[in-house]
Structure formats: structure tokens, C-alpha cells
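Structure first, commentary second.
The values are calculated or read from the model by the stated rules, or taken from the named source; none is laboratory data. Treat the numbers as computed from the prediction; the structure is a model and nothing was measured. As a convention, Cβ positions derive from the backbone with ideal geometry for all residues, glycine included, and neighbour counts pool all protein chains shown. Heavy atoms of the whole protein, side chains included, go into the accessibility calculation; ligands, DNA and RNA do not. Shrake-Rupley method; radii C 1.70, N 1.55, O 1.52, S 1.80 Å.
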Amino acid sequence: MQRLSEFVIAIDTSGSCSGAVVRRFLTETWEIFQEKENFFRDTQIHLIQCDCAVQEHVCVTCEEEWQAYLEELEVKGHGDTDFTPVFQLVDRMKQEGELGNLKGLLYFTDGDGIYPDKKPEYETAFVFLNRELMRGKAPAWAQTLTLDIDMELETVR
């Protein structure tokens, strides 16, 4: 029996990340997922919204749940950014067996915040919508991805 693959997508919901920017990131992410045939057949995606604390955690297991989440998206938080609560949650979920086959963590952010001191045991990438919205620098242990998507800067608070 093949084990489910699991991904975590963390979303920085600090004051600098508006709903329009988050929605655009999730839409682009969805388009990448669609390129893999039957993506949700063997995959669970944990969507975590976090500013300085985890604001929401939803597990998506099928295309319909993904679309419903995107349609009903409400960005929660708008405080300062601390990335560590997401890593603490993921580490706890791994220890408790809730994440048994974690393939990696994508953290969508402007990059401005408090990063964990040490590299986690799983692959991590900090994802930026474009260079204009990049306000910080990810730690050396993480991958950095820039989607280079043009958006009107006024959509960012």
C-alpha cells in the first residue's frame, strides 16, 4: 500500500500580505499542482495561516476542498510575522504521527519576520510572489523561490 504524500503550505498573514496576494499565490500553486496527473489521489495538503501565531490549519485532500478553500478564503491575522509557530506545529504533527510522509513545506511570505534558528528535518522553501514584494531574506538552510508574478503593488497593504 502506498502512503499518502503530505505537503504543508504555510501562508504569512501578516499585515503586508493581503487577501488578493494570498489568493494569487494559491491560484498559481494550484496551476502547478494540476500539472501532476491525479495529484490529490495520493496527497494531503495542510494549509496553515500564520502571522505571529497559527491562525488557521486546514487539511485539503481533494480538488473540491482546494477550490472551496480558495473561494471562501479569509486571510486571518495581520499582526507581525514569526515563522517559528508553523515549524513548531509541523514538528509536533510529525512527532504525533499526523504527518508520516511529509514531502516538504512551502512558506509563502514577503520574508520579513523571525525565522527558526535551526534547519528542520524536512525540505523547506520560502516562496515570494515577485521581487518587488520581497522584504526579507530567508535563512541559508532554506530554498528561496520567486514566482515573478506581476501584481499591482497597491494590493499589498
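Pairs of lysine in the chain with Cα under 27 Å and at least 8 positions apart or on different chains: total?
Pairs that pass both the separation and distance tests number 16.
Could you tell me which of GLY15, LEU99, TRP30 has its Cα farthest along the dipole of the chain towards the positive end, charges placed at Cβ (Lys, Arg +1; Asp, Glu -1), taken about the Cα centre?
The listed residue farthest towards the positive side: LEU99.
Would you mind giving the three semi-axes, in whole Å and largest first, of the ellipsoid equivalent to the chain according to its Cα gyration tensor? Don't skip to the end; give the middle numbers.
Details: eigenvalues 105, 73, 42 Å².
Its equivalent ellipsoid spans semi-axes of 23, 19, 14 Å.
Heavy atoms only, probe 1.4 angstrom, no DNA, RNA or ligands counted: give me THR13, THR61 ranked by accessible area, highest first.
Working: THR13 0, THR61 55 Å².
My answer, sorted largest first, is THR61, THR13.
Restricting the count to DSSP beta bridges whose residues both fall in region 1-96, what percent are antiparallel, rounded to a multiple of 5? Display every interim value, and only then the final one.
Working: 6 of 14 bridges.
The antiparallel fraction comes to roughly 45 percent.
Placing +1 at every Lys and Arg Cβ and -1 at every Asp and Glu Cβ, with all other atoms neutral, what dipole size does the chain have around its Cα centre, in debye to the nearest 20? Working shown, then result.
Values: 15 positive and 30 negative charges, 108 e Å.
So the dipole magnitude of the chain works out to roughly 520 debye.
Place a label point 7 angstrom from the Cα of ILE114 along the Cα-to-Cβ direction, then list the residues of region 67-98 whose backbone nitrogen is under 16 Å away.
Answer for this model: 78-89.
Please work out how much accessible surface LYS36 shows to a 1.4 Å probe, ignoring ligands, DNA and RNA, in Å² rounded to 10.
110 Å²
Which order do you get for TYR122, TYR115 if you rank them by accessible area with a 1.4 Å probe, largest at the top? Please list the in-between numbers first.
Values: TYR122 10, TYR115 40 Å².
So, going from the largest accessible area down, we get TYR115, TYR122.
In percent, how large is the relative contact order of the chain, given Cα pairs closer than 8 Å and 6 or more residues apart?
Once normalised by length, the contact order is 27 percent.
Rolling a 1.4 angstrom probe over the protein chains, ignoring ligands and nucleic acids, what is the accessible area of THR27 in square angstrom, nearest 10?
About 50 Å², rounded to the nearest 10.
Say each of ARG135 and GLU31 gets a label point 7 Å from the Cα, pointing the same way as Cα to Cβ; how far apart are those two points in nm?
About 2.5 nm separates the two model spin labels.
List the residues whose amide H sits under 5 Å from the amide H of THR124, counting only those 5 or more places along or on another chain, with H placed 1.01 Å from N in the peptide plane.
For THR124, whose amide H was placed from the backbone, the distant partners under 5 Å are LEU105, GLN143.
Sequence-distant or interchain residues sharing an amide H contact under 5 Å with LEU99, placed H: which?
Long-range HN contacts for LEU99: LYS94.
Gain in length, GLU63 to LYS103, computed as 0.36 nm per residue apart minus the alpha-carbon separation, to one decimal in nm? Don't skip to the answer; put the middle values down first.
On the way: separation 40, 0.36 × 40 = 14.40 nm, distance 1.89 nm.
That pair, GLU63 and LYS103, stretches by 12.5 nm at full extension.
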